[in-house]
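Below is one structure, written out as structure tokens; comments come after it.
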Amino acid sequence: MPKVMPIPEVASRGRRGRRVSTTLSEINVIPLVDVMLVLLIIFMVAAPMLQRGVEVNLPVARQTQKMSEERLYVTVPLSYRKDRRVYLDDDAVSVDFLAERIRQVMVSKQQREVFLRPDGAVQMQDVLDVMDRLKEGGIERVGIVALQRGPS
């Protein structure tokens, strides 16, 4: 909408008494949209690089079953011999505190079962030690996760 501004009286003799000027009252959103699109692209490229997990070479079995619901996974990595740490989902836990952490997690769950993901190169005695700690924590059923062997 035009804005009416009075002209000083000295210059108003012989001319129109008022001067009309327009002001820009709209915000230019094009630079904002450009910046937001660039940030979106940066985050889309960077997000997959930020996801890290525990790298485990699962053992191979002839027959496996697909799991349907959300389960609690305990991962035994190859570095278990050195640092005695397992991963409860994505959290590193010392095997000495595994039974207590399992008790805390299982308070709200009906089924007392976990799935054990040992690295294929981990010794069986280490896997059994972890299973014993899980039983101490009140776990009734322990499933071992394996990859299905391809056709031979």
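Read-outs throughout are calculated quantities, based only on the coordinates presented, and are distinct from any laboratory measurement. What you see is a predicted model; the values in this text were computed from it and never measured. Here Cβ is always computed from backbone atoms with ideal geometry, including for glycine, and neighbour counts include all displayed protein chains.
P(r) of region 33-152 in 5 Å steps, Cα pairs, percent per bin? Computed distribution, short to long bins: 2, 10, 18, 19, 15, 12, 8, 6, 5, 4, 2, 0. Work out how much length residue 107 to residue 45 would gain on full extension: take 0.36 nm times their residue separation and subtract the Cα-Cα distance, in nm to one decimal. Length difference between fully extended and current span is 18.4 nm. Model label points for residue 57 and residue 140, set 7 angstrom from Cα along the Cα-to-Cβ axis, are 3.7 nm apart.
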